[in-house]
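Here is the structure we will look at, set down as structure tokens.
Since every read-out is calculated from the coordinates, none of them should be taken as a lab result. What you see is a predicted model, and the numbers here were worked out from it, not measured in a lab. Quick reminder, even Gly has a Cβ in these numbers, built from the backbone with ideal geometry, and neighbours come from all protein chains shown.
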Amino acid sequence: MSNAAPQENAQQTVTLTDNATGKQYEFPVLDGSTGPRVIDIRKLYGETGMFTYDPGFTSTAACESGLTFIDGDQGVLLHRGYSIKELAEKSSFLEVCYLLLNGELPNKQEYDDFHHMITIHTMVHEQMQFFFRGFRRDSHPMAVMVGTIGALSAFYHDSLNIDDEKQREIAAFRLIAKVPTIAAMVYKYSIGQPFMYPRNDLGYAENFLYMTFAVPSEPYKISPVMARAMDRILILHADHEQNASTSTVRLAGSSRANPFACIASGIASLWGPAHGGANEAVLKMLGEIGDKSRIPEFVARAKDKNDPFRLMGFGHRVYKNYDPRAQIMRDTCYEVLGELGIQDPLLDVAMELEKIALSDPYFIEKKLYPNVDFYSGIILKAMGFPTSMFTVLFAVARTVGWIAQWKEMIEEPTQKIGRPRQLYTGPVARDYVPVDKR
Ligand code: SDX
């Protein structure tokens, strides 16, 4: 499925006046299928000799995409036009993978074929297990993920040619299939338990839970509640437009690096606590708060400009309303803890913190709402994952988004290497001074 090409809106242009010279420049305005229009400034430097200046890309569309649409003011998230709420309730992670990669929901045969291709690629090369011996057992799991996923390109030479559509497809299957296997190995290595091989008779989320929590010495009973919750958590994290890690993957891919190396760069970017690392940071923060009585102290710190502390799991570059994923995550939180009969005091702290923050003028004025990371950690903790594995789970889910965005970029006929410029504020040209004259 090809995206609707951006429409140059002949009636709509913008005129830029350089007040220093009085010169005027006109630039076309492009319409997407929905969402903000864009000013096409590709000729700006050539015509004006000036760059735009937008650190953090707060007002910059870096690409055209048809994968995911977010309306931050309305709290809307669509994947190929389908709402995240409907997909979380009615679809499955593998079906969402197919949708993101191919643009349409699969019919029965298409789904079965896709499921089969993922299933037969879940094992990793037997040599992969020896990578782990180079890491300390107490390495952060994300450090191990960055290293081992990047190393996949050392094994799969038959899916590195990015100009071959078949090889791009196999690389996508391998990454979606093997990242959970490697993530489970990362966890097993950290606790000194043997690796569990994937099983072809299990579904995607079930297989991941099996490889993570089963041991060779006894049968492992997969809880349907856990499997459904895991599958839904994967759906909620699958893709999210041009976020920091996806933009990292796109930029890495623009140099024509192989897909395994590009996904490793996305994992590295996701690790940061301002991004995917926030789910781990939320649990640490809730643990530090400890009790509802201490919430006002932490809210005050979050508002204090002189204190670097921020409420983790709150705020978002795009959502200036409730993150729709956070709402679904909160409902799932209740469902999982209720079904597992778990009373977690951290959930009470989280609910009270949300209530207080959402009624505080600072958060209201700055439109700071809970994001996808605010509740996810509580569910993952209840499911038995250690805090250090939370961002690894985010990476397991986001791999399909990264690879779908990478594929879309590579298949873009006008694709070129990404190479931003800068506003230079360093020293202008000067002569070298010998050391005895300094
Ligand atoms: C993810 O981009 C994506 O789509 C990401 C993601 C995805 O699916 O890929 O959605 C996943 O990364 C979610 C975000 C997880 N990060 C956190 O929860 C960390 C805490 N949040 C913040 O660090 C922050 O809100 C960001 C990084 C998420 C967004 O930062 P922005 O858009 O750069 O906003 P900002 O830092 O300019 O903040 C605007 C104002 C600032 O105050 P002023 O300078 O205007 O006075 O709001 C304040 C900030 O100080 N602010 C917060 C805050 N977040 C923003 N104050 C207290 N606590 C917070 N959490």
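Table: residues versus (1) over 25 Å from ALA302 (Cα atoms); (2) assigned to a loop (DSSP other than H, G, I, E, B).
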| position | (1), (2) |
| --- | --- |
| ILE379 | no, no |
| SER388 | no, no |
| THR399 | yes, no |
| GLN405 | yes, no |
| GLU412 | yes, yes |
Looking at SER376, SER359 in this structure, which one is of a type in the set (Gly, Ala, Ser) and farther than 22 Å from VAL249 by Cβ?
SER359
Any residue that is within 8 Å of the ligand (Cβ to nearest atom), of a type in the set (Asp, Glu) and within 28 Å of GLN74 (Cα to Cα) - is there at least one of those in segment 319-330?
yes
Restricting to segment 41-62, give me the number of residues that are surrounded by 17 or more Cβ atoms within 10 Å (Cβ to Cβ) and within 25 Å of the chain's Cα centre (by Cα).
1
Given (1) on the phi > 0 side of the Ramachandran plot; (2) in contact with a Phe, Trp or Tyr (Cβ under 6 Å, 6 or more places away or on another chain), where does CYS333 come up short, assuming only one miss?
(1)
Could you say which residue among LEU100, LEU105 is over 18 Å from the mean Cα position of the chain (by Cα), closer than 22 Å to PRO324 by Cα and surrounded by 13 or more Cβ atoms within 10 Å (Cβ to Cβ)?
LEU105
Just need a number here: residues in segment 367-391 that are more than 21 Å from ALA357 (Cα to Cα) and either under 11 Å from the mean Cα position of the chain (by Cα) or near the ligand (Cβ under 9 Å from one of its atoms) (or both).
1
Return the residue satisfying two criteria in turn: it lies in segment 47-92 and is free of Cβ contacts under 8 Å to residues at least 60 places away in the same chain and of a type in the set (Val, Ile, Thr), and of such residues it is nearest to the ligand (Cβ to nearest atom).
THR60
Name the pairs: first residue in segment 301-316 and more than 8 Å from the ligand (Cβ to nearest atom), second residue of a type outside the set (Ser, Thr, Tyr) and in a loop (DSSP other than H, G, I, E, B), Cβ to Cβ under 6 Å, at least 6 apart or on different chains?
ARG301/ASP307; ARG301/PHE309
Do you know which residues across segment 193-224 are closer than 19 Å to ALA395 by Cα and of a type outside the set (Val, Ile, Thr)?
PRO198, GLY203, TYR204, ALA205, GLU206, ASN207, PHE208, LEU209, TYR210, MET211, PHE213
Considering only segment 266-300, state which residues are within 11 Å of the ligand (Cβ to nearest atom) and of a type in the set (Ser, Thr, Tyr).
SER269
Just checking, which of ILE342, ILE263, ILE235 is more than 13 Å from the ligand (Cβ to nearest atom) and within 24 Å of TYR98 (Cβ to Cβ)?
ILE263
Among the residues that make up segment 117-133, is at least one of them in contact with a helix residue (DSSP H, G or I) (Cβ under 6 Å, 6 or more places away or on another chain) and over 21 Å from ALA205 (Cβ atoms)?
yes
